[in-house]
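**Q** Before anything else, here's the structure in question.
The values are calculated or read from the model by the stated rules, or taken from the named source; none is laboratory data. Only a predicted model underlies this, so the values are computations on that prediction, with no experimental measurement involved. Every residue, glycine as well, gets a Cβ built from its backbone with ideal geometry; the counts of neighbours run over all protein chains shown.
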Amino acid sequence: MTTAPTPASTAQEGPPDPDLVRLRDLIYQTAGIFHPDNKLRLLLDRCGRRMKALNTRTLREYFECLTVRPTKQAEMVALLNEITIGETCFFRNQPQLDALRQVVLPKIIAAKAKLPIRRIRIWSAGCSTGEEPYTLSMLLMEETKGQLKDWTIEILATDLNERSLAHAQTALYGTYSTRNLTPFYRQKYFTSVETQLQVMPAARANITFSRLNLSDDARMIFMKSLDLIFCCNVLIYFDLASKRRVIQHFYNNLLPHGYFFMGHSESLYGVSEDFHLVHLPGATGYIKGERRTGGGTQL
Amino acid sequence: MKAAPAPTPIENLRKRMEGLRQIPTIPAVLAPLIRYIQQPVEQLDVQKITDMIAQDKSLAAQCLEMANSPLFGRWQKVETLRAAVIGLGFQRVGDIAMSCGVLNLLPRDGRGIDPVAFWEHSLGCALVSRHLARMISFPDPGKAYLAGLLHDIGVIVNLWVLPKEFQEAFQIGRQESIPLHEAERRVMGFDHCESGRFLAEKWGLPADLIQVVAFHHTPVQSSDQTGLVALIELSDLLCRMSGLNHGYVEARQVDVQEEPGFAILAEKCALLKQFDWARLTFELDSYMDDVHALVRTIYRK
């Protein structure tokens, strides 16, 4: 029988614990976030924290907390919070950003080459405390000397949580959020305010923050003409039906050449057949596939 | 008098290859070993296989090293070849012996290409091919492993026979972030599929593996009826788009379902139509650390 994880047991090399693999698969199935074998130790650590809080001794028992007990939904949310804790920082997913610069932007620029207005519109859906939209703003500003010369950058950043949005608007960040910043970006786009760093006005000017509930259909239809949507570690909290609804909105909100990006190890498998997975160097993204025409399901 | 037509680049290569004494050869023990392992399991003998591998001392040592890697699903340390054969099974030990054997084929100076990166790609492709094969119920995952391992042996030929030209092609590939075979064609007039075919034939590899070596970038042209070539095209592509590339990333976008290999393989394996490519991509991530560690250990010996 599997015992509660301790630092000693996690340090041991060994085949993946079947109970942990079962938990991994449950999380992937319900939330769409996958822990490959080399991240199982991290997952065990996160489960360990929840097990301690619940006074649960074994992974098998904890699996029941997530599947059988009346509080299973709340527990899944608590576990997902543990899993994504500390994920929010500037330049969180560098390969994704490199792929954006190297492959995705040139494609968007080519698709819009004949349009009179040179404008790129990005939506950071579930922007939390703002690290993602600011990162995108800085990254794209760097491109305005090259491929985005004379382009207008418009970033819409939305979140449900007003406190997160208020924080985002102060643009003030501590050492944890800014741990991935290179000296280049730190010097060029930040000023020191006491012990914190604040994003400079130029990088803030491209962004409009607003409160939005992704389940609010009436407002979702107004998010129009987008080239890029980022929605990282947000849909993991939605049930399948709500996820599908949000994804359908994203599909409609994107221009035909648009891209949809999720968090690292997050997938749309089983959620949408309209979006197509594409492989970019070191990252994955989704593009709009052909619309289903008939009423039947198409594989 | 009419001048004879100038030989094509590939004819030139063939000529140079024939004149070259140092054509890389697979270790002598491997061909009989691979043939032996193809027999039905009940006819196989642990001692016989152990003896075959032990004939080549350095190969035997490398096999043990690899047998202890988590990549081969072994969590308790094996100390002897015999224990490895018993613990891992004949097929796995054959895979390991073949992997170690081909790992020694690149010139150690690298000649402009990082041999570690090259073998990481080949070993990665072998593992990903086997994994994909299992997931879609492809009939022979062991063959998929071998095919993934050997698909790029043309690179070895190019390095031995035309080191300067190949180096130039590799640099162009890296600088422009384009696929290696495109850069090779531009610089040398042919690519590693064509040169690999020579070597595969010279080594006397089975016909299906020759098809993989020759057509893994153009599966439509292959006469393969099993889907093996298409399977390798797809896993090669996934590896090249991830950290298991040749030492640089290609700046492009790949939609696996639009690849020629996808349609071919989907005809053979119905499960491919609903396959979760995102999950395979995340799983591939977890191979990376182990592949890096293993190739580095073996190569630095």
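**Q** Quick one: which residue in A:Ile229, A:Ile221, A:Ile247 is free of Cβ contacts under 8 Å to residues at least 40 places away in the same chain and under 20 Å from the mean Cα position of the chain (by Cα)?
**A** A:Ile247
**Q** Among the residues of region B:170-177, is any under 16 Å from B:Pro115 (Cβ atoms), within 20 Å of the chain's Cα centre (by Cα) and among the aromatic types (Phe, Trp, Tyr)?
**A** Yes, because at least one residue in region B:170-177 is under 16 Å from B:Pro115 (Cβ atoms), within 20 Å of the chain's Cα centre (by Cα) and among the aromatic types (Phe, Trp, Tyr).
**Q** If we scan region B:115-134, do we find a residue that is modelled with pLDDT under 85, touching an Asp or Glu at 6+ places or on another chain (Cβ under 9 Å) and over 30 Å from B:Ile264 (Cβ atoms)?
**A** Within region B:115-134 (the criterion being modelled with pLDDT under 85, touching an Asp or Glu at 6+ places or on another chain (Cβ under 9 Å) and over 30 Å from B:Ile264 (Cβ atoms)), the answer is yes, since at least one residue qualifies.
**Q** Right, something else. Is at least one residue of region A:208-217 within 12 Å of chain B (Cβ to nearest Cβ) and touching a residue at least 24 places away in the same chain (Cβ under 8 Å)?
**A** Looking only at region A:208-217, we keep the residues that are within 12 Å of chain B (Cβ to nearest Cβ), and these are none.
Within region A:208-217, none of the residues are within 12 Å of chain B (Cβ to nearest Cβ) and touching a residue at least 24 places away in the same chain (Cβ under 8 Å).
Here's the yes/no breakdown for (1) under 17 Å from A:Leu97 (Cα atoms); (2) charged (D, E, K, R):
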{"site": "A:Lys114", "(1), (2)": "no, yes"}
{"site": "A:Gly130", "(1), (2)": "yes, no"}
{"site": "A:Met138", "(1), (2)": "yes, no"}
{"site": "A:Lys145", "(1), (2)": "no, yes"}
{"site": "A:Glu162", "(1), (2)": "no, yes"}
{"site": "A:Ala166", "(1), (2)": "no, no"}
{"site": "A:Tyr176", "(1), (2)": "no, no"}
{"site": "A:Thr191", "(1), (2)": "no, no"}
{"site": "A:Arg211", "(1), (2)": "no, yes"}
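**Q** Something else now. Which of the residues that make up region A:180-199 are of a type outside the set (Ser, Thr, Tyr) and at pLDDT 95 or above?
**A** Hits for region A:180-199 are A:Leu181, A:Pro183, A:Phe184, A:Arg186, A:Gln187, A:Lys188, A:Phe190, A:Val193, A:Gln196, A:Leu197, A:Gln198, A:Val199.
**Q** What single numbered condition from (1) more than 7 Å from chain A (Cβ to nearest Cβ); (2) among the hydroxyl-bearing types (Ser, Thr, Tyr); (3) closer than 12 Å to A:Thr284 by Cβ fails to hold for B:Tyr287?
**A** Condition (3) is where B:Tyr287 drops out.
**Q** Being touching a His at 6+ places or on another chain (Cβ under 8 Å), part of a helix (DSSP H, G or I) and not acidic (Asp, Glu) narrows it down to one of B:Cys100, B:Cys125, so name that one. Before the answer, list the steps.
**A** Working: B:Cys100 fails: touching a His at 6+ places or on another chain (Cβ under 8 Å).
None of the others qualify; the one that does is B:Cys125.
**Q** Can I ask one more? What number goes with the only condition from (1) assigned to a helix (DSSP H, G or I); (2) in contact (Cβ under 8 Å) with a residue 60 or more places away in the chain that B:Val93 does not pass?
**A** (2)
**Q** For the list (1) more than 29 Å from A:Pro16 (Cα to Cα); (2) crowded, with 22+ Cβ neighbours inside 10 Å; (3) more than 19 Å from the chain's Cα centre (by Cα), I need the number of the one condition that B:Glu267 fails.
**A** (2)
**Q** Which pairs have Cβ atoms under 8 Å, sit 6 or more apart or on different chains, and link a residue in region A:62-77 that is surrounded by 13 or more Cβ atoms within 10 Å (Cβ to Cβ) to one that is not in a helix (DSSP H, G or I)?
**A** These pairs meet every condition: A:Tyr62/A:Thr56; A:Cys65/A:Thr56; A:Cys65/A:Thr71; A:Glu75/A:Arg69.
For (1) touching a Ser or Thr at 6+ places or on another chain (Cβ under 6 Å); (2) in a loop (DSSP other than H, G, I, E, B); (3) basic (Lys, Arg); (4) modelled with pLDDT of 95 or more, each residue gets a yes or a no:
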| residue | (1), (2), (3), (4) |
| --- | --- |
| A:Thr208 | no, no, no, yes |
| A:Asn213 | no, yes, no, yes |
| A:Phe222 | no, yes, no, no |
| A:Ile229 | no, no, no, yes |
| A:Val246 | no, no, no, yes |
| A:Ile287 | no, no, no, yes |
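**Q** Return yes or no: is B:Gly261 in contact with an Asp or Glu (Cβ under 6 Å, 6 or more places away or on another chain) and assigned to a helix (DSSP H, G or I)?
**A** So B:Gly261 passes the test.
**Q** Considering only helices (runs of 4 or more DSSP H) fully contained in region A:27-106, which possess at least 3 residues that are within 14 Å of another protein chain (Cβ to nearest Cβ)? Steps first, answer last, please.
**A** Details: elements: A:40-54, A:59-67, A:72-84, A:94-99.
By residue number, A:40-54, A:94-99.
**Q** Of the residues B:Leu238, B:Leu280, B:Leu265, B:Leu244, only one is touching a residue at least 60 places away in the same chain (Cβ under 8 Å) and more than 28 Å from B:His292 (Cα to Cα); which?
**A** B:Leu265
**Q** List the number of the failed condition for A:Leu277; all other conditions in (1) part of a strand (DSSP E or B); (2) hydrophobic (A, V, I, L, M, F, W, C); (3) buried (at least 22 other Cβ atoms within 10 Å of the Cβ) hold.
**A** Of (1) part of a strand (DSSP E or B); (2) hydrophobic (A, V, I, L, M, F, W, C); (3) buried (at least 22 other Cβ atoms within 10 Å of the Cβ), only one is false for A:Leu277: (3).
**Q** Given the conditions (1) modelled with pLDDT of 80 or more; (2) more than 20 Å from B:Ala144 (Cβ to Cβ); (3) in a helix (DSSP H, G or I), which single one is not true for B:Val78?
**A** Here B:Val78 clears every test but (3).
**Q** Being over 8 Å from the mean Cα position of the chain (by Cα) and not in a helix (DSSP H, G or I) is the filter here, so list the residues in region B:128-162 that pass it.
**A** Correct list: B:Ile136, B:Ser137, B:Phe138, B:Pro139, B:Asp140, B:Leu162.
**Q** Take the conditions more than 29 Å from B:Ala67 (Cα to Cα) and within 10 Å of another protein chain (Cβ to nearest Cβ) and apply them to B:Lys268. Does it pass?
**A** Answer is no for this residue.
**Q** Given B:Asp152, B:Asp140, which one is among the acidic types (Asp, Glu) and crowded, with 18+ Cβ neighbours inside 10 Å? Talk me through it step by step, then tell me what you get.
**A** Details: B:Asp140 fails: crowded, with 18+ Cβ neighbours inside 10 Å.
Result of the check over B:Asp152, B:Asp140: B:Asp152.
**Q** Here's another thing I want to ask about it. Give the number of residues within region A:159-201 that are among the hydroxyl-bearing types (Ser, Thr, Tyr) and not in a helix (DSSP H, G or I).
**A** Here the count works out to 9.
Residue-wise test of (1) small (Gly, Ala, Ser); (2) surrounded by 20 or more Cβ atoms within 10 Å (Cβ to Cβ); (3) in contact with a helix residue (DSSP H, G or I) (Cβ under 6 Å, 6 or more places away or on another chain); (4) not assigned by TED's automatic domain parsing to the domain that holds B:Met17.
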{"site": "B:Ser177", "(1), (2), (3), (4)": "yes, no, no, no"}
{"site": "B:His192", "(1), (2), (3), (4)": "no, yes, yes, no"}
{"site": "B:Gly196", "(1), (2), (3), (4)": "yes, yes, yes, no"}
{"site": "B:Ala200", "(1), (2), (3), (4)": "yes, yes, yes, no"}
{"site": "B:Asp208", "(1), (2), (3), (4)": "no, no, yes, no"}
{"site": "B:Val213", "(1), (2), (3), (4)": "no, yes, yes, no"}
{"site": "B:Thr218", "(1), (2), (3), (4)": "no, no, no, no"}
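**Q** Now for a different question. When you look at A:Phe275, is it within 14 Å of chain B (Cβ to nearest Cβ) and in contact with a helix residue (DSSP H, G or I) (Cβ under 6 Å, 6 or more places away or on another chain), yes or no?
**A** Answer is no for this residue.
**Q** Name the single residue, out of those in region B:228-263 being farther than 16 Å from A:Gly282 by Cβ and surrounded by fewer than 24 Cβ atoms within 10 Å (Cβ to Cβ), that is nearest to the other protein chains (Cβ to nearest Cβ).
**A** Result: B:Asp255.
**Q** With (1) loosely packed, with under 13 Cβ neighbours inside 10 Å; (2) without any contact (Cβ under 8 Å) to a residue 60 or more places away in the chain as the list, and A:Leu160 as the residue in question, which single condition is left unmet?
**A** So the condition that A:Leu160 fails would be (1).
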